[in-house]
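Report on one structure; see the data block that follows.
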Amino acid sequence: MFVKKNISLKSYNTFGIDARAQFLLEIENDEQLSEAYQSSQFRALPKLVLGGGSNILFTKNQRKAILKINIRGIEVLDQKDHEVRVKVGAGEAWHQFVLWCLDHDFGGVENLSLIPGTVGAAPIQNIGAYGVELKDVFESLEAYEIKSGKIRSFNKEQCQFDYRHSFFKGRGKDQFVITSVTFMLTTRPIFNVSYGGIQQMIDEKELELNIRNISESVIHIRQTKLPDPIKIGNAGSFFKNPIIEKPLYDALSLIYEDLPHYPVDLGSIKIPAAWLIEQCGWKGKRMDQIGVHERQPLVLVNYGEGKGKEILKLSEQIQASIQKKFGIELAREVNVF
Ligand code: EPU
């Protein structure tokens, strides 16, 4: 196991926050993971598990040992009729896995192109974009149970997937480290082009409907809407889209006739946080080194030398203003440490 001491985490988080860590352990396999938790040197230290660092905000130097999960490998387990089971190491970069699927003509993840982060982190918040969620292609996962030191297997039901949520953010929080994820992909994909602009782009460019063209459309839409973390530090959507009850929606829609909304289930309605944030006047606001993105206000940005504490404070100001104006609580999607 490779151990780095007293290092900057700037290149380990897509916000580009320059916090420091006392220890960073590069974990390449299950044995090294077990060593990190059980060896006398590291047993006593609190741990923080890190994938691609694309959903995290560091607000201080870290005393915890950072476990950087680099477990690699993509393996076809079996192929039956048109269904293919593929097992992927937790440390593989999500988008590289999507590209691998395109190369092999395996459909299912093309709508999830260009999402930053690793495969192992994807189930934790059930990543989703353009009408598809991880749970739609998920078969099972393996995770190291910290308490017992054993590898446990979880099926879809056990993961309790929900909108940007799973067992690993709920009751299972801080108890497991995901080591691999198995996907159920298909050689006969059902194309999902219902969401925002994919169909439009396919039509405009007269593209054949296939997984490669869907992926390219998604990449194009993301690149025009979302800031590239390599150029401007960010962690994607900072907040979740709030889900509100019907009575509050009814009251608000009388005042705001253009209130965008998506029914979730009977009596609950999802409101785009981006709209709420824009209505409160935050869109494109810049405070020196940090700000609210000019095209997608759900994304908070670090222009270079921003501090995690400043971004957290800005996020709290946004939450307070939305609470005041709409009576809606915005929950964070990003994890703060
Ligand atoms: N909107 C505004 N102003 C804006 C932008 C958007 O009012 O400046 C409103 C519009 O009504 C628009 C709606 O927000 O129709 C939805 O916007 P968008 O399609 O950009 O999606 P989102 O709900 O803001 C979610 C995910 C994104 C994902 C996109 C596309 C969450 C928290 N975010 O954003 O995921 O890429 O849908 O599927 O669910 C992420 O989680 O990090 C992420 C980027």
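With a Förster radius of 22 Å applied to the beta-carbon distance between VAL264 and GLN323, the computed FRET efficiency rounds to 0.60. Between ASP103 and TYR163, residue separation times 0.36 nm minus the direct Cα-Cα distance comes to 18.7 nm.
Protection proxy ranking of 115-121, 215-221, by the mean of other Cβ atoms within 10 Å over each peptide's residues and highest first, is 115-121, 215-221.
Can you flag which of LYS60/LYS324; LYS205/LYS270; LYS246/LYS270; LYS10/LYS231 are past 22 Å Cα-Cα?
Working: LYS60/LYS324 29 Å; LYS205/LYS270 32 Å; LYS246/LYS270 10 Å; LYS10/LYS231 13 Å.
In this structure, LYS60/LYS324; LYS205/LYS270 exceed 22 Å between Cα atoms.
Note on ALA44 and ARG72: their simple-model spin labels are 3.5 nm apart, each label 7 Å out from Cα toward Cβ.
Toward the positive end of the charge dipole of the chain, with +1 on the Cβ of Lys and Arg and -1 on the Cβ of Asp and Glu, the farthest Cα among GLY108, TYR163, GLN200 is that of TYR163. At q = 0.07, 0.14, 0.16 Å⁻¹ the log10 of I(q)/I(0) for the chain amounts to -0.31, -1.24, -1.50, computed by Debye summation with a single uniform scatterer per C-alpha, solvent ignored.
Each of PHE183, SER321, VAL218 was placed along the dipole of the chain (beta-carbon charges, centred on the mean Cα), and the one lying farthest toward the positive end is SER321.
Within 10 Å of each residue's Cβ, count the other Cβ atoms and sort SER8, SER39 from fewest upward. Walk me through the intermediate numbers first.
On the way: SER8 14, SER39 11.
Taking fewest neighbouring Cβ atoms as first place, the list is SER39, SER8.
Taking the Cα centre of segment 1-153 as reference, the dipole from Cβ charges on Lys and Arg (+1) and Asp and Glu (-1) amounts to some 1240 debye. With the simple model of a label 7 Å out from the Cα in the direction of the Cβ, GLN289 to ILE146 spans 3.0 nm.
Taking the number of Cβ atoms within 10 Å of each Cβ as an exposure proxy, the fewest-first ranking of ASP258, ASP30, ASP174 is ASP258, ASP174, ASP30.
Compare the Cα positions of ILE269, GLN279, VAL301 along the charge dipole of segment 257-334 (+1 at Cβ of Lys, Arg; -1 at Cβ of Asp, Glu; about the Cα centre) and return the one farthest towards the positive end. About the Cα centre, the residue reaching furthest to the positive side is VAL301. Only Lys, Arg, Asp and Glu carry charge here, each on its Cβ (+1 for the first two, -1 for the last two); on that basis segment 223-337 has a dipole of about 300 debye about its Cα centre.
Any aspartates and glutamates with Cα under 15 Å of the LYS47 Cα? List them, leaving off those in the same chain fewer than 8 positions away. Qualifying aspartates and glutamates at Cα under 15 Å: GLU26, GLU35, GLU145, ASP174. Residue separation of HIS82 and LYS4 scaled by 0.36 nm, minus their Cα-Cα distance, works out to 23.6 nm of gained length.
Each reported figure results from applying straightforward, stated rules to the coordinates on display, with no laboratory input. Every value quoted in this text rests on a predicted model; they were computed, and no experiment measured them. Counting neighbours? That spans all protein chains shown, and the Cβs are built from the backbone with ideal geometry, glycine included.
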